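Q: The structure follows.
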Amino acid sequence: MPLLHWLHKEKHVAAAEGAPYRLLTADDSLSAGDPETPNMLVQGDNLDALKALLPYYAGQVKCVFIDPPYNTKSAFEHYDDNLEHSQWLAIMYPRLVLLRELMAEDGSIWVTIDDNEAHYLKVMMDEIFGRSNFTASLAWHKRVSPANDAKYFSADHDHVLVYAASKPNWTPNRLSRSGQQLEYYKNPDDDPRGVWNSSAYTCAKSADERPNLFYSIRNPNTGEEIWPNRNRVWAYDRQTHERNVENNPIYWGKDGRGTMPRIKKFLAETKQIVPRSVWLHDEAGHNQESKIEIEKLFPRSPFGTPKPERLLKKILEIATNPGDLVLDSFLGSGTTAAVAHKMGRRYIGIEMGAHAVTHCAPRLKKVIEGEQGGISLAVGWQGGGGFRFYRLGPPIFDAEGRINPDIRFPQLAAHVWFCETRTALHGKKRGPLLGRHKGVAYYLLYNGVLGDKRPDGGNVLTGPVLKELPAHDGPKVIYGEACRIGPARLKQLGVAFKQTPYDVTAR
């Protein structure tokens with residue numbers, strides 16, 4: 001598979017691994033609504049924030065949507081959108097790597113981008129997500145009227161690159177038909193099965209390709225024997241056609257004497273449709289609409305190219321179900337979080353700049369209060385829910401690899417579990433047994449978890465401490481400050497001891 005290369009790529013590829021694990025500290029003054037909500041708004045560099053989320057959310061995100069800076073050689077107030085090409089690639093690569101680790105195996109990632117970097121991004125994402133997991137390059141018709149001041153072409157669309165984490169495991173949802181599409185369904189012959197539309201009875205195959213689809217059929221009203229064109233044969237084999245004759249979905253025209261049949265598609269049987277690869281602005285919103293939305297929320301808004309709520313609604317309808325987790329690590333004006341909130345999805349939004357405080361948090365508070373812009377009417381939004389505001393705290397380890405003294409047991413437990421299993425630790429652990437994974441039990445003796453806070457007490461693995469640990473019939477990995485049991489005895493007991501902080505992976 002072709003790979004993309006740029007200056008110092010090796011260093012940038014390793015940037016995700018080299019980013020430190022940091023704490024996330026909540027700010028109750030900027031949080032709103034239900035205090036028990038799982039929804040998160042994180043302020044801080046998204047590389048560090050994504051790394052901080054791994055121990056808790058690895059493999060759980062059903063849909064990632066990001067709208068990164070487009071690198072258009074124009075300066076935006078809230079994004080440095082005037083980056084050199086290689087610098088842009090260097091920024092995107094490690095973030096995409098971490099996003100892949102956070103995605104569920106039945107999840108997907110959606111990235112909006114324009115022509116400046118779209119094709120380079122495609123090659124990069126092939127490398128990170130696997131070319132076989134590429135699903136679509138959608139064209140979103142973002143502009144209502146052409147840009148007549150353009151020198152060459154009016155840039156009327158953006159790309160939306162879609163990748164599955166694992167294509168065999170991902171099944172996108174079908175979409176409901178729009179009002180305009182429903183207008184095509186009629187019932188001119190008063191069919192008791194209801195309104196219907198018709199489609200061709202032929203397919204784009206030749207008689208040489210599909211000889212079993214090249215045969216004659218009879219119009220039951222005229223008795224005429226009808227053959228398809230050799231370059232466009234019937235869409236159904238003989239056996240299926242005979243069932244169609246029996247079930248009577250074949251339409252021969254108003255007077256029944258047509259020379260080419262069509263097949264009825266009843267609305268009752270086809271209420272949902274497969275998503276198409278071109279999204280027109282009347283069905284997925286447009287730039288002018290999104291600017292009106294954001295200016296109603298924030299007069300004199302500084303955001304030049306926010307995304308419309310209808311675009312995010314359509315993406316989440318395809319990629320998620322209520323309760324699924326959505327992640328946007330380039331949150332911008334907060335559209336993804338606002339739409340996810342209104343649609344009953346859990347969400348994590350990450351934004352680096354001051355507008356995490358000045359725009360994203362206030363916007364989500366308005367959503368909680370029942371804000372009626374954007375998609376609110378379409379989804380029946382009336383308010384409710386909540387979100388928690390977080391900032392990036394200090395790294396778990398200092399420059400010498402020592403554990404930060406502010407780290408508490410649940411934080412180190414989540415980190416140790418993730419480093420050992422590459423999965424997120426579920427629930428708040430209050431005892432030394434973190435859990436079992438693939439037949440191995442993992443324990444952590446730290447921060448007086450056994451109730452013995454003496455330096456040589458409960459954080460040290462001794463014979464009595466080992467007897468006190470929850471039992472497991474199989475191999476055990478135990479983290480602690482020191483061990484008083486000899487190597488031979490540990491081997492006999494099936495215990496692998498790892499010393500904190502030295503054996504705790506710091507990166």
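The values are calculated or read from the model by the stated rules, or taken from the named source; none is laboratory data. Quantities reported herein were computed from a predicted structural model and do not represent experimental measurements. Reconstructed Cβ throughout: ideal geometry from the backbone, glycine too, with neighbour counts over all protein chains shown. For the accessible areas, the whole protein counts, side chains as well, though only heavy atoms, and no ligand, DNA or RNA atoms are used. Shrake-Rupley method; radii C 1.70, N 1.55, O 1.52, S 1.80 Å.
Q: Report yes if Arg210 is open to solvent by 80 Å² or more (accessible area, probe 1.4 Å) and either among the aliphatic types (A, V, I, L, M) or over 30 Å from Ser137 (Cβ atoms) (or both), otherwise no.
A: In short, no.
Q: Taking the options Pro470, Pro475, Pro487, Pro464, name whichever one is surrounded by fewer than 16 Cβ atoms within 10 Å (Cβ to Cβ) and modelled with pLDDT of 95 or more.
A: Going through Pro470, Pro475, Pro487, Pro464 in turn, the sole match is Pro475.
Q: Quick one: in the range 259-291, of everything that is β-branched (Val, Ile, Thr) and out of contact with any Pro (no Cβ under 9 Å at 6 or more places or on another chain), which residue is modelled with the lowest pLDDT?
A: In this case the residue turns out to be Thr270.
Q: Restricting to the range 244-264, and then to whatever is among the basic types (Lys, Arg) and in a loop (DSSP other than H, G, I, E, B), can you tell me which residue is least open to solvent (accessible area, probe 1.4 Å)?
A: Filtering the range 244-264 for residues that are among the basic types (Lys, Arg) and in a loop (DSSP other than H, G, I, E, B), the one least open to solvent (accessible area, probe 1.4 Å) comes out as Arg257.
Q: Please tell me if Pro94 is out of contact with any strand residue (DSSP E or B) (no Cβ under 6 Å at 6 or more places or on another chain) and part of a loop (DSSP other than H, G, I, E, B).
A: Numbers: out of contact with any strand residue (DSSP E or B) (no Cβ under 6 Å at 6 or more places or on another chain): yes; part of a loop (DSSP other than H, G, I, E, B): no.
Spelling it out, it is not the case that Pro94 is out of contact with any strand residue (DSSP E or B) (no Cβ under 6 Å at 6 or more places or on another chain) and part of a loop (DSSP other than H, G, I, E, B).
To keep it simple, each residue is scored yes or no on (1) open to solvent by less than 40 Å² (accessible area, probe 1.4 Å); (2) at pLDDT below 95.
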| position | (1), (2) |
| --- | --- |
| Val326 | yes, no |
| Glu369 | no, no |
| Arg391 | no, yes |
| Asn404 | yes, yes |
| Glu420 | no, yes |
| Gly431 | yes, yes |
| Leu434 | yes, yes |
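Q: Just one of (1) buried (at least 16 other Cβ atoms within 10 Å of the Cβ); (2) in contact with a strand residue (DSSP E or B) (Cβ under 7 Å, 6 or more places away or on another chain); (3) free of Cβ contacts under 8 Å to residues at least 40 places away in the same chain trips up Tyr184, so point out which.
A: The failed condition is (1).
Q: When the range 90-101 is examined, which residues are found to be over 14 Å from Tyr163 (Cα atoms) and either among the aliphatic types (A, V, I, L, M) or open to solvent by less than 20 Å² (accessible area, probe 1.4 Å) (or both)? Walk me through how you get there before you give the answer.
A: Quick first cut of the range 90-101, residues over 14 Å from Tyr163 (Cα atoms) only: 90-95, 98.
Matches in the range 90-101: Ala90, Ile91, Met92, Tyr93, Pro94, Leu98.
Q: Do we have any residue at all in the range 496-503 that's among the polar types (S, T, N, Q), in a loop (DSSP other than H, G, I, E, B), open to solvent by less than 30 Å² (accessible area, probe 1.4 Å) and under 22 Å from Arg22 (Cα atoms)? Outline the logic, then answer.
A: In the first step, residues of the range 496-503 are kept if they are among the polar types (S, T, N, Q); the result is 499-500.
Adding the requirement that they be in a loop (DSSP other than H, G, I, E, B) leaves 500.
From what is left, the residues that are open to solvent by less than 30 Å² (accessible area, probe 1.4 Å) are 500.
After this cut, where a residue has to be under 22 Å from Arg22 (Cα atoms) as well, the list is 500.
Checked the range 496-503: at least one residue is among the polar types (S, T, N, Q), in a loop (DSSP other than H, G, I, E, B), open to solvent by less than 30 Å² (accessible area, probe 1.4 Å) and under 22 Å from Arg22 (Cα atoms).
Q: Still on this model: Could you list, in sequence order, the residues of the range 103-131 that are part of a strand (DSSP E or B) and of a type outside the set (Ser, Thr, Tyr)?
A: Across the range 103-131, the qualifying residues are Met103, Ala104, Glu105, Asp106, Gly107, Ile109, Trp110, Val111, Ile113.
Q: Keeping to the range 217-236, report how many residues are touching an Asp or Glu at 6+ places or on another chain (Cβ under 9 Å) and open to solvent by less than 30 Å² (accessible area, probe 1.4 Å).
A: 3
Q: Shifting gears a bit: For residues in the range 374-385 being in a loop (DSSP other than H, G, I, E, B) and not polar (S, T, N, Q), which is nearest to Lys314 (Cα to Cα)?
A: Ile375
Q: Tell me the residue from Ala340, Ala319 that is out of contact with any Pro (no Cβ under 7 Å at 6 or more places or on another chain) and closer than 26 Å to Gln272 by Cβ, please. Don't jump to the end; show me each part of the working.
A: On the way: Ala319 fails: out of contact with any Pro (no Cβ under 7 Å at 6 or more places or on another chain).
From the options Ala340, Ala319, the qualifying one is Ala340.
Yes/no per residue for (1) closer than 30 Å to Arg100 by Cα; (2) assigned to a loop (DSSP other than H, G, I, E, B); (3) free of Cβ contacts under 8 Å to residues at least 40 places away in the same chain; (4) not hydrophobic (A, V, I, L, M, F, W, C):
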site: Pro394; (1), (2), (3), (4): yes, no, no, yes
site: Asp406; (1), (2), (3), (4): yes, yes, no, yes
site: His415; (1), (2), (3), (4): yes, no, no, yes
site: Leu425; (1), (2), (3), (4): yes, yes, no, no
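Q: Follow-up. Looking only at residues that are in a strand (DSSP E or B) and at pLDDT 90 or above in the range 154-185, which one is farthest from the chain's Cα centre (by Cα)?
A: Here the answer is His157.
Q: For the range 299-324, which positions are surrounded by fewer than 19 Cβ atoms within 10 Å (Cβ to Cβ) and in contact (Cβ under 8 Å) with a residue 24 or more places away in the chain?
A: Within the range 299-324, Ser301, Pro302, Gly304, Glu317, Ile318, Asn321 qualify.
Q: Here is a follow-up. Quick check on the range 328-344: of everything there that is surrounded by fewer than 24 Cβ atoms within 10 Å (Cβ to Cβ) and not aliphatic (A, V, I, L, M), which residue is farthest from Leu175 (Cα to Cα)?
A: Within the range 328-344, the match that is farthest from Leu175 (Cα to Cα) is Phe330.
Q: Another question, then. Read through the list (1) over 30 Å from Thr305 (Cα atoms); (2) among the hydroxyl-bearing types (Ser, Thr, Tyr); (3) touching a residue at least 12 places away in the same chain (Cβ under 8 Å), then give the number of the only condition that Thr240 fails.
A: Result: Thr240 passes all but (3).
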